[in-house]
1. Out of ASP85, ASP56, I need the residue that is within 18 Å of GLY191 (Cα to Cα) and crowded, with 19+ Cβ neighbours inside 10 Å. Which one?
2. Note down all Cβ pairs under 7 Å where the first residue falls in the range 51-65 and is touching a residue at least 12 places away in the same chain (Cβ under 8 Å), the second is in a helix (DSSP H, G or I), and they're at least six residues apart or on different chains.
3. What residue, of SER18, SER78, is at pLDDT below 95, part of a helix (DSSP H, G or I) and among the hydroxyl-bearing types (Ser, Thr, Tyr)?
4. Keeping to the range 151-194, report how many residues are under 15 Å from ASP56 (Cβ atoms) and either part of a loop (DSSP other than H, G, I, E, B) or without any contact (Cβ under 8 Å) to a residue 40 or more places away in the chain (or both).
5. Restricting the range 94-148 to residues that are of a type in the set (A, V, I, L, M), free of Cβ contacts under 8 Å to residues at least 60 places away in the same chain and part of a strand (DSSP E or B), which is farthest from ARG65 (Cα to Cα)?
6. On the basis of being at pLDDT 95 or above, at negative phi, open to solvent by 40 Å² or more (accessible area, probe 1.4 Å) and not aliphatic (A, V, I, L, M), does ARG32 make the cut?
7. Could you list, in sequence order, the residues of the range 81-93 that are part of a loop (DSSP other than H, G, I, E, B) and either more than 22 Å from GLU175 (Cα to Cα) or under 15 Å from the mean Cα position of the chain (by Cα) (or both)?
8. Within the range 9-29, which residues are touching a Leu at 6+ places or on another chain (Cβ under 9 Å) and open to solvent by less than 60 Å² (accessible area, probe 1.4 Å)?
Amino acid sequence: MAVIEHETTIAEAADRLSRELPGHRVEILQGRLTVTPPADGSHALALSWLIEKFYDAGARTAGLRYVQGVGLWLPTGSDDYAIPDFALVEADFRNHKVQKNCYASDVFRLVVEVTSSNWSDDIGVKVDSYAKADIPVYVIADRHHDEAILCSDPRNGAYRVHRTYKRGGSIPLPESIGVSVELSVDLLLDGDEH
């Protein structure tokens, strides 16, 4: 009896894991498959707070939408994509679907990641990947190091601006995102006031 072997591609493996691990975030970052467990309460509250901030700032009136868990197609590999925790996107972003429920990077104005157990991806490979995708502004709520990081002004595949903010401070976002917003570091890290 002949045995036929089928070599699984990384994209097929990602699809299978997405089906087998509901609630987990499956991404392919620079050719590497990553899986993130569901968010904890502080993580979820930080994302809810961001929705309130961008609503209050008039993002919808400015022709923008704020979304959670929407795929971003990356130029770093043939199957690469990320699923940012939060993003500010052009209102017509749904017209720019690439594949696998992922959208073209040029509709993203801002991406925010709140670190979880795989915090090193958010402060490492995603900084590089988002810069190569020309995401104008990337904010990291780095709960592992208890600080927030603002990356902006991508040029030639790297962010030219990289600033760290400590607790008690706030991050003034570049107005180039389309709205005027300042983010509290404490609320990004904790999700609400304690």
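1. ASP85
2. Correct list of pairs: ARG65/PHE93.
3. Values: SER78 fails: part of a helix (DSSP H, G or I).
It is SER18.
4. Let us first name the residues in the range 151-194 that are under 15 Å from ASP56 (Cβ atoms), namely 170, 173, 177-184, 187.
Next, only the ones that are either part of a loop (DSSP other than H, G, I, E, B) or without any contact (Cβ under 8 Å) to a residue 40 or more places away in the chain (or both) stay: 170, 173, 178-182, 184.
Residues flagged as under 15 Å from ASP56 (Cβ atoms) and either part of a loop (DSSP other than H, G, I, E, B) or without any contact (Cβ under 8 Å) to a residue 40 or more places away in the chain (or both) within the range 151-194 amount to 8.
5. Taking the range 94-148 first, the residues of a type in the set (A, V, I, L, M) are 98, 104, 107, 110-112, 114, 123, 125, 127, 131, 133, 135, 137, 139-141, 148.
Of the ones still in play, those that are also free of Cβ contacts under 8 Å to residues at least 60 places away in the same chain are 98, 104, 107, 111, 123, 127, 131, 137, 139-140, 148.
Next cut, part of a strand (DSSP E or B) only: 98, 111, 137, 139-140, 148.
Values: VAL98: 18, VAL111: 12, VAL137: 15, VAL139: 17, ILE140: 19, ALA148: 23 Å.
Among those residues, the one meeting the criterion is ALA148.
6. Numbers: at pLDDT 95 or above: no; at negative phi: yes; open to solvent by 40 Å² or more (accessible area, probe 1.4 Å): yes; not aliphatic (A, V, I, L, M): yes.
Here the answer is no, as ARG32 does not meet what is asked.
7. Residues satisfying the conditions are ILE83, PRO84, ASP85.
8. ILE10, ALA13, ALA14, LEU17, VAL26, GLU27, ILE28, LEU29
The values are calculated or read from the model by the stated rules, or taken from the named source; none is laboratory data. A quick note: this is a predicted structure, and the numbers were derived from the prediction, not measured. Here the Cβ is made from the backbone with ideal geometry for all residues, glycine too, and neighbour counts use every protein chain on show. Ligands, DNA and RNA are stripped out before the accessible areas are found, and what is left, the full protein with its side chains, is counted by its heavy atoms. Shrake-Rupley method; radii C 1.70, N 1.55, O 1.52, S 1.80 Å.
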